[in-house]
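The values are calculated or read from the model by the stated rules, or taken from the named source; none is laboratory data. Because the structure is a prediction, the values reported are computed rather than measured. Note: ideal-geometry Cβ built from the backbone for every residue, glycine included; neighbour counts use all protein chains shown. Ligands, DNA and RNA are stripped out before the accessible areas are found, and what is left, the full protein with its side chains, is counted by its heavy atoms. Shrake-Rupley method; radii C 1.70, N 1.55, O 1.52, S 1.80 Å.
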Amino acid sequence: MAVRDILQIGHPVLRQVAEPIDPADVTTPEIQGLIDDLIDTMHHANGAGLAAPQIGVGLRAVVMEVTNNPRYPYKPPIPLTVAINPVINPLDDELVEINEGCLSVPLRGNVMRHVNIAVTYCDGHGDEHQATLRGLTAGTWQHECDHLDGVLIVDRADPSSLATWDEFNAHQRDAFVERITAFVERVGS
Ligand code: NI
């Protein structure tokens, strides 16, 4: 188990399409070590999620967890989740604009995300799951799964919304938190 360096935008691994993991390999020491490193690194960086390409591993694995996150205090909780080979299917056309950050990008920006999604994935034991997700939790899943396809928030963001964290805090945070808090109350997650 180790805290790994997080690659920053410009590193080519962040732009590659990650390879699937054979479900039979999930319990191997190699993949268990990858999962442990993702969780340790996410916790160390106070991230809401982390994808394997962000630590230089081109495999389709992500971890997510939100518990009173200081980077995103308006986010509803997400239990610690390991998702191997996650697949997302939008359930309808409802979209929400979310201001997102990323541990691999030194900016925040407004990104359109599906509000209602279905996901399939294997957990850290290799067991298959299906779930429906909603709201900011669905947005976090979409952000992390984008990493597995080499997509970063700057690709999806409204360019005029891009801001450093300091400028976001100074000029955009209050209005965003008010809008997104009302959204979370409406959709329940
Ligand atoms: Ni990210």
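Could you pull out the residue among Val62, Val82, Val119, Val57 that is farther than 18 Å from Phe183 by Cβ, open to solvent by less than 60 Å² (accessible area, probe 1.4 Å) and more than 14 Å from the chain's Cα centre (by Cα)?
Val57
For region 89-104, which residues satisfy the criterion of being of a type in the set (A, V, I, L, M, F, W, C) and more than 15 Å from the ligand (Cβ to nearest atom)?
Correct list: Leu91, Leu95, Val96.
Need the failing condition index for Gly124 against (1) away from the ligand (no atom under 13 Å from the Cβ); (2) in a strand (DSSP E or B), just the number.
Unmet condition: (2).
Check every one of the strands (runs of 3 or more DSSP E) wholly within region 1-108 and list those with 1 or more residues that are out of contact with any His (no Cβ under 7 Å at 6 or more places or on another chain) and more than 18 Å from Tyr121 (Cβ to Cβ).
Here the list reads 95-102.
Based on what the data block shows, is Glu97 of a type in the set (Asp, Glu), within 21 Å of Val154 (Cβ to Cβ) and open to solvent by 30 Å² or more (accessible area, probe 1.4 Å)?
Against the criterion (of a type in the set (Asp, Glu), within 21 Å of Val154 (Cβ to Cβ) and open to solvent by 30 Å² or more (accessible area, probe 1.4 Å)), Glu97 qualifies.
Among the numbered criteria (1) away from the ligand (no atom under 15 Å from the Cβ); (2) acidic (Asp, Glu); (3) touching a residue at least 40 places away in the same chain (Cβ under 8 Å), which one does Glu144 miss?
(1)
Go through region 160-176 and give me each residue that's touching a strand residue (DSSP E or B) at 6+ places or on another chain (Cβ under 8 Å) and within 11 Å of Leu107 (Cα to Cα).
Step one: filter region 160-176 for residues touching a strand residue (DSSP E or B) at 6+ places or on another chain (Cβ under 8 Å), giving 161-165, 168, 171-172, 176.
Scanning region 160-176 gives Ser161, Leu162, Ala163, Thr164, Trp165, Phe168.
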